[in-house]
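The values are calculated or read from the model by the stated rules, or taken from the named source; none is laboratory data. For clarity, every value in this text was computed on a predicted model and none was experimentally measured. Neighbour counts run over all protein chains shown; Cβ positions are idealised from the backbone, glycine included. Side chains are part of the model used for accessible areas, which takes the heavy atoms of the whole protein and leaves out ligands, DNA and RNA. Shrake-Rupley method; radii C 1.70, N 1.55, O 1.52, S 1.80 Å.
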Amino acid sequence: MRSEELYDYSSPEIMASLEHAKQLCACLNRISSVDEGYRDLIGKLIPDFPATSEICPPFTCDHGHGIKMGENSFLNYGCVILDGAWVTFGNNVKVGPHCQFYTPQHPIDYIQRRETKETAYPIIIEDDVWLGGGVVVCPGVRIGKRSIVAAGSVVIRDVPSDCMVAGNPAVIKKWLK
């Protein structure tokens, strides 16, 4: 699944991983990030989740173990992470509400798309990035250090460091240094 090659998402191992994450997300979404048990649940869902970081429920992900979270990072309410490939958040990342991170890519050919096969491409959000609310990040995208993605943007290609992007598709609006 994380090899960037075609895989069958209906395999028993992947289905078990999806089920595990759905159960943990359902439990997590019944509490707040300040409630007793939050740290235990988030740690079961996302391995090595830093004590200095926070995800505000409601939160949804496919697997959880495909998410790497840096120190002092924050994901606001309603984020969705489809982590068939790695989704990496650097240190000091701020993510607005209702942001979505999609790593799966279905085949372009409609006959192949009928099968239970897809590929997945990693997403990397580098240190000190700020994503406004409602941002969508597509498969294989890297967002460079210190950049800002304006609310409502759809990021379909890499974003260099030290710039602000906006729009659908997101384009550079200004350089920050």
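What to note about this one:
- Residue that is farthest from the chain's Cα centre (by Cα), among those in region 15-33 that are over 14 Å from residue 81 (Cβ atoms) and charged (D, E, K, R): 30
- Taken residue by residue, region 72-88 has at least one member that is of a type outside the set (S, T, N, Q), open to solvent by less than 10 Å² (accessible area, probe 1.4 Å) and touching a residue at least 40 places away in the same chain (Cβ under 8 Å).
- Taken over region 78-106, the residue count meeting the criterion of being within 19 Å of residue 46 (Cα to Cα) and not in a loop (DSSP other than H, G, I, E, B) is 13.
- Of all residues in region 107-123 being surrounded by 15 or more Cβ atoms within 10 Å (Cβ to Cβ) and part of a loop (DSSP other than H, G, I, E, B), the one that is nearest to the chain's Cα centre (by Cα): 122
- Flag if residue 42 is assigned to a strand (DSSP E or B), out of contact with any His (no Cβ under 6 Å at 6 or more places or on another chain) and open to solvent by less than 10 Å² (accessible area, probe 1.4 Å): no
- Residue satisfying all of: in region 45-77; part of a loop (DSSP other than H, G, I, E, B) and aliphatic (A, V, I, L, M); farthest from residue 136 (Cα to Cα) among these: 51
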